[in-house]
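The values are calculated or read from the model by the stated rules, or taken from the named source; none is laboratory data. Please read all numbers here as calculations on a predicted model, not as lab measurements. Note that we place each Cβ from the backbone using ideal geometry, even for glycine, and neighbour counts take in every protein chain shown.
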Amino acid sequence: MFGNMNNMQGMMKKMQKLQAELAKTQEELKSKTVEAVAGGGAIKVVASGKKELVSITIDPAAFDPEDMEMLQDLILVAVNDSFKKIDELTEAEMGKVTKGMKLPPGMF
């Protein structure tokens with residue numbers, strides 16, 4: 001009976017340590033940024049690990065008042081790509097902490 005109790009305590013300590021490491025990694029991710037471009041660099045978007053846009057840069061040569069739809073599409077592509085990169089960064093960083101634990105996809 002006491003052997004099981006020690007195993008349970010050891011497992012609880014490991015879970016608490018894992019929880020603390022995950023929380024630390026999540027906080028660190030919030031301060032990271034990723035950059036995405038569209039239109040061959042005509043549009044540049046920087047997003048934070050909190051999935052918030054930090055900046056959008058538009059090359060004036062990319063701005064054609066006659067083709068606003070193209071500009072809007074390029075902005076959407078760059079923003080969506082930046083959020084995808086944040087997701088990939090989050091999965092990679094959290095994967096370092098969980099090291100082979102079989103967690104459901106998209107858990108972070």
Kindly provide the set of residues from the stretch 1-40 that are more than 14 Å from residue 96 (Cβ to Cβ) and among the polar types (S, T, N, Q), ordered by number.
-> 4, 6, 7, 9, 16, 19, 31, 33
In this structure, is residue 74 in contact with a strand residue (DSSP E or B) (Cβ under 6 Å, 6 or more places away or on another chain) and more than 30 Å from residue 21 (Cβ to Cβ)?
-> yes
Answer with yes or no whether residue 72 is without any contact (Cβ under 8 Å) to a residue 40 or more places away in the chain and either more than 28 Å from residue 98 (Cβ to Cβ) or outside any helix (DSSP H, G or I) (or both).
-> yes
In this structure, does residue 28 turn out to be in contact with a Ser or Thr (Cβ under 7 Å, 6 or more places away or on another chain) and acidic (Asp, Glu)?
-> no
State yes or no: is residue 25 polar (S, T, N, Q) and assigned to a strand (DSSP E or B)?
-> no
Sort out which residues of the stretch 1-28 are touching a helix residue (DSSP H, G or I) at 6+ places or on another chain (Cβ under 6 Å) and not hydroxyl-bearing (Ser, Thr, Tyr), and write them in order of number.
-> 21, 22
Output the residue which, of all residues in the stretch 71-108 that are loosely packed, with under 14 Cβ neighbours inside 10 Å, more than 13 Å from the chain's Cα centre (by Cα) and under 26 Å from residue 45 (Cα atoms), is modelled with the highest pLDDT.
-> 76
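Here are some residues: 93, 35. Which one is acidic (Asp, Glu) and either assigned to a helix (DSSP H, G or I) or without any contact (Cβ under 8 Å) to a residue 24 or more places away in the chain (or both)?
93
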